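> This is the structure I have questions about; it appears just below.
The values are calculated or read from the model by the stated rules, or taken from the named source; none is laboratory data. As the structure is a computational prediction, the values presented were derived from the model and not from experiment. Don't worry about glycine lacking a Cβ; one is built from the backbone with ideal geometry, like all the others, and counts go over all protein chains shown.
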Amino acid sequence: MVLISQRIFLETIKKYCLARSIAVEVRSGGWLVIMTKGGTRRLAIGYDIGLNSAVAHQVANDKSACAEVLASAGISAIPHRLFLGSKLSKHIPGSDSLDAMLLLLAQHPHGLVVKPNEGTSGELVFRVTTRTQLETAVARILAAHPSLAISPYVEIKDEVRFIVLDDCALLAYVKLRPTAVGDGVHSLRELAHKTAPADLLKTITDDFSPAVLDSIPPKGELRIINWRHNLDSGAEPVLLKHKEMPHFGGALAINAAQALRIRFASIDVVQVDGSWHILEVNSGVKMEALGKRAPDLVEMIYSTALDKVFA
Ligand SMILES: Nc1ncnc2c1ncn2[C@@H]1O[C@H](COP(=O)(O)OP(=O)(O)O)[C@@H](O)[C@H]1O
Ligand SMILES: [Mg+2]
């Protein structure tokens, strides 16, 4: 089975290799790619093309470890506290403590964000403000993942993704969340149905209470219909020019890459109360959603990275 979502990644690799007489074998339904040129063999797995060390890869994908490494390097990052599910927690007393989670909830009146510690794409990312919501979120995540991370909820003004290769930002875009404009007639639910794809609608129903969904936003009022910034759940990328990057947390993203000793990564920075913080780092650079809008740019990025692989 070819993973549909990996289409652009695989096509770009194949095109790159064809143009340079590099033999390509695609295995495991597209998950594994073997590239051979003369005596040189290089591998790509998932969205990882092999530029990052195993440690950099693991730390980046472990949200809690990543926040710890960045904090210890003096780089501002949204804290992610690790909690373990029952399979792992028996080795570390207190690592599954509901009391510790409730204490965090009490300390953060705007609520918490609970998510899989090694998740992607905004799946199972919950904002909770009550004990019941917290317990439900924890149960849902731990049914599917071995561990979770809890952060204080922060009011994000902008979330920006930087694609970084060897300490240079190749590309950056702001993620604009999906919105609906009130007309004074239709409910939020009806407005959302008009603008949002079906899979996003399910998330929206999870996020808002039925009363809010049935309320009618006043004419002209702009409502964000998903508080998460994932492109997979309806956000739109707005590309930044190179000269704009420094104003959107560009230096912080590069510093984070250096602290993690990661060569090729996508790094998300968020603006909260006028300052920038790292939200997450991904060591596999996935650009499927961007590729539908700016295929040339995506090709440029993977080609630049593959040049380093074969350098
Ligand atoms: N602590 C937080 N406060 C506010 N929003 C958050 C917080 N953590 C995550 N989010 C929102 O949820 C989205 C997904 O979270 P993220 O940590 O990026 O996980 P994923 O790997 O699933 O994308 C982010 O794009 C952001 O909009
Ligand atoms: Mg994310």
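> Return yes or no: is Ala73 away from ligand 1 (no atom under 11 Å from the Cβ) and without any contact (Cβ under 8 Å) to a residue 12 or more places away in the chain? Before you say what the answer is, go through the steps one by one.
Values: away from ligand 1 (no atom under 11 Å from the Cβ): yes; without any contact (Cβ under 8 Å) to a residue 12 or more places away in the chain: no.
For Ala73, the condition - away from ligand 1 (no atom under 11 Å from the Cβ) and without any contact (Cβ under 8 Å) to a residue 12 or more places away in the chain - is not met.
> Restricting attention to segment 108-132, which residues are touching a residue at least 24 places away in the same chain (Cβ under 8 Å), among the aliphatic types (A, V, I, L, M) and more than 16 Å from ligand 2 (Cβ to nearest atom)?
The one that is touching a residue at least 24 places away in the same chain (Cβ under 8 Å), among the aliphatic types (A, V, I, L, M) and more than 16 Å from ligand 2 (Cβ to nearest atom): Leu112.
> Are any residues in segment 133-146 within 16 Å of ligand 2 (Cβ to nearest atom) and buried (at least 20 other Cβ atoms within 10 Å of the Cβ), and if so, which ones? Give the derivation first.
Just the residues of segment 133-146 that are within 16 Å of ligand 2 (Cβ to nearest atom), to begin with: 141, 145.
Ile141, the sole residue that qualifies.
> Can I ask one more? With Ala149, Ala172 as the choices, which residue is of a type in the set (Gly, Ala, Ser), within 11 Å of ligand 1 (Cβ to nearest atom) and either surrounded by 21 or more Cβ atoms within 10 Å (Cβ to Cβ) or outside any loop (DSSP other than H, G, I, E, B) (or both)?
Values: Ala172 fails: within 11 Å of ligand 1 (Cβ to nearest atom).
None of the other options fit; the residue is Ala149.
> Next up: What pairs come up if the first residue lies in segment 6-31 and is over 14 Å from Ile301 (Cβ atoms) and among the charged types (D, E, K, R), the second is crowded, with 16+ Cβ neighbours inside 10 Å and at pLDDT 95 or above, and their beta carbons are under 7 Å apart, counting only those six or more places apart or on different chains?
Close Cβ pairs (under 7 Å, with a partner that is crowded, with 16+ Cβ neighbours inside 10 Å and at pLDDT 95 or above) amount to Lys14/Val24.
> Working only within segment 200-217, note down all residues that are part of a helix (DSSP H, G or I) and more than 15 Å from Glu123 (Cβ to Cβ).
In the first step, residues of segment 200-217 are kept if they are part of a helix (DSSP H, G or I); the result is 200-207, 210-214.
If the condition is that a residue be part of a helix (DSSP H, G or I) and more than 15 Å from Glu123 (Cβ to Cβ), then Leu201, Thr205, Pro210, Ala211, Val212, Leu213, Asp214 are the ones that fit.
> At least 3 residues that are closer than 30 Å to Thr195 by Cβ and among the β-branched types (Val, Ile, Thr) in each: list the strands (runs of 3 or more DSSP E) lying fully within segment 236-306 that qualify. Steps first, please.
Values: elements: 236-239, 264-272, 275-282.
So the answer is 264-272.
> Select from segment 220-261 the residues that are of a type in the set (Lys, Arg) and either at pLDDT below 95 or within 16 Å of ligand 1 (Cβ to nearest atom) (or both) and list them in ascending order. Let's see the steps before the verdict.
Of all residues in segment 220-261, those of a type in the set (Lys, Arg) come to 223, 228, 241, 243, 261.
Once the filter is applied, which keeps residues that are of a type in the set (Lys, Arg) and either at pLDDT below 95 or within 16 Å of ligand 1 (Cβ to nearest atom) (or both), segment 220-261 yields Arg223, Arg228.
> OK, next. Out of everything in segment 74-94 that is aliphatic (A, V, I, L, M) and farther than 30 Å from Ser275 by Cα, what residue ends up being surrounded by the most Cβ atoms within 10 Å (Cβ to Cβ)?
The first filter runs over segment 74-94 and keeps only residues aliphatic (A, V, I, L, M), leaving 75, 77-78, 82, 84, 88, 92.
Right, trim to farther than 30 Å from Ser275 by Cα and you get 84, 88, 92.
Working: Leu84: 19, Leu88: 14, Ile92: 10.
For segment 74-94, the residue satisfying everything is Leu84.
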